[in-house]
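The values are calculated or read from the model by the stated rules, or taken from the named source; none is laboratory data. Keep in mind that this is a model prediction, so the values were computed, not measured. For neighbour counting, all protein chains shown are included, and Cβ atoms are generated from backbone atoms with ideal geometry for every residue, glycine included.
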Amino acid sequence: MTQTDNDLQERTVFDLRDLTSPVVGAPMAGGPSTPALVETTVRAGGLGLLAAGYLTSEKLADDIAATQATGTRVFGVNIFVPETRPTDRAAVSAFRSALVPFAAERDVVLPELDGLLDDDDHYDAKIDAVVEARVPVVTFTFGLPSATVVDRLHAIDTSIGVTVTSAADAAAAVTVGADWLCLQGPDGGGHRSTFDRYTTPPTQSLDDLIREVSATVDVPLVAAGGIATPERAHQIRALGVPTVQIGTALLRTAEAGTKLAHANALADPAFETTVLTRAYSGRIARGLRNRFIDTFDELAPAEYPAVNTLTGGIRRAAADDPHTINLWAGTGFREAREESSAETVARFA
């Protein structure tokens, strides 16, 4: 049985328990999450999420429209909550200086310092875009939406999810009005959703996080982070959380927009392990260890999104070089398969 546009036609608000396949396709910013990936995930009975991170509001609106044009009605958009603390100008300047020779070797001109200090990733415009399009599900990473944003989304029957890494953040998310939570364990690929960029992400296991949060909040939960096999998904469900989120498992699927160098590295024996790093964005994220991380990890300050903007031109210029681009991946990256995302969702469901 698969989820079609008519399956939830009579419902006004999305509910995780309505999924015929209890699988969420993680929002993977930077290219992997495409309208095609979202559409196929939904057709397979799961929930597909577009990634709004790094996009302009216009590009996000285009992705939403493209998803809706496939006939997909129930899907979501993930939005990064902007930083509230001011950027450390001196720290960003020092890192920029360290990057200059590396960038010059690749004919990349780095952004000037003044253009790096007040970037909110077009947050307000993206909220406007999802409200205008009446997107059924909106999730937040890196922090909590304001009461005003929660009210605007709930006014159009949008279901709100928040990605959390601790029980304290889970409780705070429920207090502001989250309808469900994505519990993110330490083994997942990409960025950890700590609410403070200076905070070292928790090392608490996903299993223990599930147990603690389940005992303290009363909203539906999604488990995420290192769920690389159907067997692992079964273990999570045995803890009482029926819905799992997968990301790395989708990176090599036909519908994902993953860079070829990234997708190939997941199966390349030259890449043996994942590490946590701030080198690419200034926020802690897990990816395959490569030469860029080895060179710049200890130099990168905890200054997101300034560091992300600084390295963006380098990554674009070296899109085919796995030792320069970010290769976000969870600890179970070797399990990622070349297949349709529908097949992946079916395996994990």
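Listed values, structure above:
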item	result
Subset of region 286-302 (residues that are under 16 Å from THR274 (Cα atoms) and hydrophobic (A, V, I, L, M, F, W, C))	LEU288, PHE292, ILE293, PHE296
Region 100-124 residues that are closer than 27 Å to ALA51 by Cα, paired with ones that are of a type in the set (Phe, Trp, Tyr) and modelled with pLDDT of 95 or more (beta carbon under 7 Å, 6 or more apart)	ASP121/PHE80
Matching option when the condition is of a type in the set (Asp, Glu), part of a loop (DSSP other than H, G, I, E, B) and under 19 Å from ARG17 (Cα atoms), among ASP218, ASP187	ASP218
Check on LEU50, among the aliphatic types (A, V, I, L, M) and surrounded by fewer than 18 Cβ atoms within 10 Å (Cβ to Cβ)	no
Residues located in region 204-238, provided they are over 20 Å from ALA168 (Cα atoms) and either among the hydrophobic types (A, V, I, L, M, F, W, C) or not assigned by TED's automatic domain parsing to the domain that holds LEU183 (or both)	ILE227, ALA228, ALA233, ILE236, ALA238
Test result for ALA66, over 21 Å from LEU181 (Cβ atoms) and either touching a residue at least 60 places away in the same chain (Cβ under 8 Å) or in contact with a Gly (Cβ under 8 Å, 6 or more places away or on another chain) (or both)	no
Some residue of region 309-317 being buried (at least 24 other Cβ atoms within 10 Å of the Cβ) and part of a loop (DSSP other than H, G, I, E, B)	no
Subset tally (residues that are out of contact with any Ser or Thr (no Cβ under 7 Å at 6 or more places or on another chain) and part of a loop (DSSP other than H, G, I, E, B)) for region 117-133	4
Residues (closer than 29 Å to THR199 by Cβ and out of contact with any helix residue (DSSP H, G or I) (no Cβ under 9 Å at 6 or more places or on another chain)) located in region 233-258	GLN245, GLY247
Pairs with Cβ under 9 Å, 6+ apart, first in region 289-300 and farther than 13 Å from ARG96 by Cα, second among the aromatic types (Phe, Trp, Tyr) and modelled with pLDDT of 95 or more	ARG289/PHE271; ASN290/PHE271; PHE292/PHE102; PHE292/TYR280; ILE293/TYR280; THR295/PHE102
Flag if ASP320 is in a loop (DSSP other than H, G, I, E, B) and more than 17 Å from the chain's Cα centre (by Cα)	yes
Index of the failed condition, SER340 passing every other in (1) of a type in the set (Gly, Ala, Ser); (2) closer than 23 Å to ARG106 by Cα; (3) more than 17 Å from the chain's Cα centre (by Cα)	(2)
ILE236 vs. criteria touching a Pro at 6+ places or on another chain (Cβ under 9 Å) and either farther than 14 Å from GLY330 by Cβ or modelled with pLDDT of 95 or more (or both)	yes
Candidate set from region 142-157 (those that are aliphatic (A, V, I, L, M) and outside any helix (DSSP H, G or I)); member that is surrounded by the most Cβ atoms within 10 Å (Cβ to Cβ)	LEU144
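Conditions (1) within 27 Å of GLY115 (Cβ to Cβ); (2) in contact with a strand residue (DSSP E or B) (Cβ under 7 Å, 6 or more places away or on another chain); (3) aromatic (Phe, Trp, Tyr), marked per residue:
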site: GLY240; (1), (2), (3): no, no, no
site: ILE246; (1), (2), (3): no, yes, no
site: THR258; (1), (2), (3): no, no, no
site: ARG283; (1), (2), (3): yes, yes, no
site: ALA302; (1), (2), (3): yes, no, no
site: GLY330; (1), (2), (3): no, yes, no
site: GLU343; (1), (2), (3): no, no, no
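Let's see how each residue does on (1) within 20 Å of the chain's Cα centre (by Cα); (2) within 27 Å of ALA65 (Cα to Cα); (3) in the same structural domain as GLY46 (by TED's automatic domain parsing):
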| residue | (1), (2), (3) |
| --- | --- |
| ASP107 | no, no, no |
| LEU110 | no, no, no |
| ALA129 | yes, yes, yes |
| ILE160 | yes, yes, yes |
| ALA168 | no, no, yes |
